[in-house]
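The values are calculated or read from the model by the stated rules, or taken from the named source; none is laboratory data. This is a predicted model, so every value here is computed, not measured. Here the Cβ is made from the backbone with ideal geometry for all residues, glycine too, and neighbour counts use every protein chain on show. Surface areas here come from the heavy atoms of the whole protein model, side chains and all, with no ligands, DNA or RNA. Shrake-Rupley method; radii C 1.70, N 1.55, O 1.52, S 1.80 Å.
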Amino acid sequence: MTTLSDVRAVVEDLWPADRAEGWDAVGLVAGDPSQRIERILLAVDPVLETAAEARELNADMLLVHHPLLLRGVTSVAADRPKGRIVTDLIGSGIALLAAHTNADIVERGTSAELALAIGLTETRPIVANGADESIGLGRIGTLPEPTTLGALAAKLAQSLPSTATGVRGAGDYTETVQRIAVCGGAGDSLLEHEAVLEADAYVTADLRHHPASEARDRHSMGAGPALIDLSHWASEWLWLNAAREQLAERLPGVEITVSDLRTDPWDFALPQ
């Protein structure tokens, strides 16, 4: 019998909590360590839809990337979204566990899987995590052959699940790119990092107006990369398949399912 405690130990081995950022809130959110685990649902977001999906699948655990209780709350009453999720999961006997920044930096983390999807070679972290230079935030690498910014954006559009906002670019659609920096999730904090500035293109998500505008001007002056902006959810969704493979290897007999629900918050966009 596999218990929640067993799963927790495997998760800690794959994505050690002490590697998470200091502001993060990773680990077990709800669940009895002694409870039996036969089915796990993997999702990026702990939202009402994925909690409902976990119940429909008769899952024993919802393992997510984004923490539900990242910022302090004073109530988990069921008439509030976070409280409804917690209430429904606990009421159904479903454990909730999050692996966030501790799963971003590892060798098969969010950025590493994004780099793999576009075929980058000789990758390394943009920001190494301590003494181990094989793990860290973001990835930078080289495409086997030069391509255009537009073709790179198209490859990402084909490789990632679709969203209302799609894939956006800043730079000449036909310009040649080969040295690529990537950061799954919100990555505008790295826009001025030396490694990113040396890249031909930077692929990330959640780029805000002012940082992106300044980076676009830098690029037009020949001093920084072109930009490709993705959906935050889509940029991290690829990690779920890597997590499933790793968990399945360590937890034989446990059924592990990846949620294909689109939990990007935007439902539609209109061309103008």
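Here are some notes:
- Euclidean distance between Cα centres, segment 63-94 to segment 171-187, Å: 36 Å
- Farthest positive-ward along segment 1-65 dipole, Cα basis, beta-carbon charges - from PRO46, ALA59, SER34: SER34
- The Cα trace of the chain gives Rg and Dmax of 19.2, 61 Å, the first to one decimal, the second as a whole number.
- FRET efficiency, MET221 to ARG168 (Cβ-Cβ, R0 30 Å, nearest 0.05): 0.90
- The tail of the calculated P(r) for segment 99-181 beyond 23 Å holds 27 percent of all Cα-Cα pairs.
- Neighbours of ALA234 by Cβ distance under 10 Å: Lys/Arg scored +1, Asp/Glu scored -1, total -1.
- Rg/Rh, computed from the Cα trace of segment 55-134 with Rh as the Kirkwood radius, has the value 1.13.
- Residues TRP23, TRP239, sorted by accessible area with the largest first, give TRP23, TRP239 [1.4 Å probe; ligands and nucleic acids excluded].
- Per-residue ellipticity at 222 nm, computed for the chain from helices alone with -39500 (n - 2.57) per DSSP H run of at least four residues, works out to -9500 deg cm²/dmol.
- Computed from the C-beta positions of PHE268 and ALA131 and an R0 of 51 Å, the FRET efficiency is 0.65 to the nearest 0.05.
- Label point 7 Å beyond Cα of VAL73 along Cβ direction - residues of segment 42-67 with amide nitrogen under 15 Å: 45-52, 64, 66-67
- Looking at segment 25-97, the trypsin sites (Lys or Arg not before Pro) that sit in a DSSP loop and have at most 15 other Cβ atoms within 10 Å of their own Cβ are ARG71.
- Cα-based helix-to-principal-axis angle, 4-14 vs the chain, degrees rounded to 10: 20 degrees
- Extension gain, GLU49 back to ASP206 (0.36 nm per residue minus Cα-Cα distance, nm): 54.3 nm
- Spherically averaged projected area of the convex hull of Cα atoms, segment 130-272: 10.8 nm².
- Whole-number Å³ per residue for the convex hull built on Cα positions in segment 1-65: 89 Å³
- Which of SER159, SER111 is most accessible, then next, and so on - probe 1.4 Å: SER159, SER111
- Helix 81-91 vs. the chain, principal-axis angle (Cα, 0 to 90°, nearest 10): 40 degrees
- Positive minus negative residues near GLU255 (Lys, Arg vs Asp, Glu; Cβ under 12 Å): 0
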